[in-house]
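Asks: After the structure tokens below, expect a handful of questions from me.
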Ligand code: 13P
């Protein structure tokens, strides 16, 4: 029996219920042994961390009607994105592209935060203002991706482990100095023949929790992103099962590392049919399965859940978010932290031409507006044609 399981079982029993029988003694012993590591009162946590600040920023990021833009593509990923519109990935082109997004007029009405990459947080707009300042002037909170990418996991073919814990405390301090108020770390779980393994899930969960602890220590709100990939022919039922198992392991590790749930955000995948699955789940089915899965595992103390788009089209990602926000009794804010689903139409409109900048910004504004409406369950398909008009 894995140690983690014993600990979880033991913590179901309070010390009052443990009696002096042999079994009772064992339970008591395990509980004491296991829980004294994680037992820390809310007030103690408040004394250790600047919790007020963490809680305020976390809530601001999921303010009603707003969500996050993930513009933290690593050098390799942004190269792919720019290549798709035949634009070479030079530092200046990457800077220009990000400037289009960040200087879009009125973006702050729908966008609460932007996740930056190491290169981007140090760049400036053409008028000489740093990107951090540009965002702050729009009322947008700057954030930073701090993981070093998902690498092949030794001894586990087809599985990945995210790296970047070494030196993280120092890097976080520098980013905080540069103006970042929150951070992101992405773990990747693949579904396939015989995978994911428990080992891969738990190793990634442990890394996420260690990252989150360092963030809270360094006064940055951690966005915890365990992404179960949609690649493959898995059914929605299988996707549900793996997502639930992954989130269970993540919240178990977060508790062990004494994470303040009120001062973090979760960034999960939605539960849908795998990309190549012949049976396609409807929008309503996706919304219900995703919320049911999250309700099984995510504590209500977490202020918000900000979904990744993960390869859905921009419109699908909006429709799913909208349907979820129409469901009753949601204990958390349900929002977005989209990369591709916010940027695809912008790239398509821009094509690297200065004359297309206004159209690209209009496309971004429109996509952000649609997702803002979806936060209230008030998005309709007609809004798509409003853009063309
Ligand atoms: P996508 O919305 O394109 O999946 O990107 C979100 C993200 O930040 C992945 O880490």
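Asks: Do the sum for the chain: with -39,500 (n - 2.57) for every DSSP H run of n ≥ 4, divided by all residues, what is the mean residue ellipticity at 222 nm, to the nearest 500 deg cm²/dmol?
Replies: Details: 16 runs with 189 residues, N = 389.
Taken over the chain, the calculation gives -15000 deg cm²/dmol.
Asks: Counting alpha carbon pairs within less than 8 Å and at least 6 residues apart, what relative contact order, in whole percent, applies to the chain? Don't skip to the end; give the middle numbers.
Replies: Values: 710 pairs, mean separation 64.1, N = 389.
Worked out over the chain, it gives 16 percent.
Asks: Continuing with the same structure: To test your reading of the geometry: what angle, between 0 and 90 degrees and rounded to tens, separates the Cα axis of helix 314-324 from the longest principal axis of the chain?
Replies: Tilt of helix 314-324: around 40 degrees.
Asks: Oh, and also: Considering the alpha-carbon set of region 189-262 alone, what are its Rg and its Dmax in angstrom?
Replies: For region 189-262, the Cα-based Rg and Dmax read 13.4, 41 Å.
Asks: Along the Cα→Cβ direction, 7 angstrom out, place labels at residue 176 and residue 241. What is the inter-label distance in nm?
Replies: Going by the 7 Å Cα→Cβ label model, 4.3 nm.
Asks: Pull up the DSSP beta bridges for the chain and report the antiparallel fraction as a percent, rounded to 5.
Replies: Details: 5 of 33 bridges.
Counting only bridges with both partners in the chain, antiparallel ones make up about 15 percent.
Asks: Within region 148-189, find all residues whose amide N lies under 19 Å from a label point positioned 7 Å from the Cα of residue 316 along Cα-to-beta-carbon.
Replies: 189, by backbone N distance to the label point.
Asks: Using r as the Cβ-Cβ distance of residue 362 and residue 283, and R0 as 30 Å, what FRET efficiency do you calculate, to the nearest 0.05? Walk me through the intermediate numbers first.
Replies: Values: r = 26 Å, r/R0 = 0.87.
My answer for the efficiency is 0.70.
Asks: Using a Gaussian network for the chain with springs between C-alpha atoms less than 10 Å apart, which of these wobbles most: 97, 338, 175?
Replies: 97
Asks: Rounded, prolate or oblate: which fits the chain, taking a ≥ b ≥ c as square roots of the Cα gyration tensor eigenvalues, rounded meaning a/c under 1.5, else prolate when a/b beats b/c?
Replies: Values: a/c = 1.82, a/b = 1.53, b/c = 1.19.
Judged from the Cα gyration tensor, the chain comes out prolate (a/c at least 1.5, a/b above b/c).
Asks: Decide, for region 182-334, between rounded, prolate and oblate: order the square roots of the alpha carbon gyration tensor eigenvalues as a ≥ b ≥ c, take rounded if a/c falls under 1.5, and otherwise choose prolate if a/b is larger than b/c, else oblate.
Replies: Numbers: a/c = 1.95, a/b = 1.34, b/c = 1.46.
Oblate.
Asks: For helix 198-217, report the angle its Cα long axis makes with the longest principal axis of the Cα atoms of the chain; keep it between 0 and 90° and round to the nearest 10°.
Replies: Rounded to the nearest ten degrees, it is 70.
Asks: Let me ask something else about it. Using 0.36 nm times the number of residues separating residue 197 and residue 378, minus their current alpha carbon distance, what extension gain do you get? Spell out each step's value before the answer.
Replies: Details: separation 181, 0.36 × 181 = 65.16 nm, distance 3.95 nm.
In short, 61.2 nm is gained.
Asks: Follow-up question, since we're still on this one. Per 0.36 nm of contour for each residue apart, how much would the distance between residue 122 and residue 354 grow if the chain were fully extended, relative to their Cα-Cα spacing?
Replies: Working: separation 232, 0.36 × 232 = 83.52 nm, distance 2.29 nm.
Contour length minus the Cα-Cα distance gives 81.2 nm.
Asks: Right, here's the next one. In which sequence would 233, 202, 72 go, from the one with the fewest C-beta neighbours within 10 Å to the one with the most? Walk me through the intermediate numbers first.
Replies: Numbers: 233 14, 202 17, 72 25.
Ascending Cβ contact count within 10 Å gives the list 233, 202, 72.
Asks: On C-alpha positions alone, give me the angle between the axis of helix 283-297 and the longest principal axis of the chain, in degrees, nearest 10.
Replies: Approximately 40 degrees, to the nearest ten.
Asks: Ranked by Cβ crowding within 10 angstrom, fewest neighbours first, how are 75, 112 ordered?
Replies: Values: 75 12, 112 25.
Taking fewest neighbouring Cβ atoms as first place, the list is 75, 112.
Here, each number is a calculation from the coordinates, and none is a lab measurement. Predicted model, so just to flag it, every value in this text is computed and none were measured. Please note: Cβ atoms are built from the backbone with ideal geometry, for glycine as well, and neighbour counts cover all protein chains shown.
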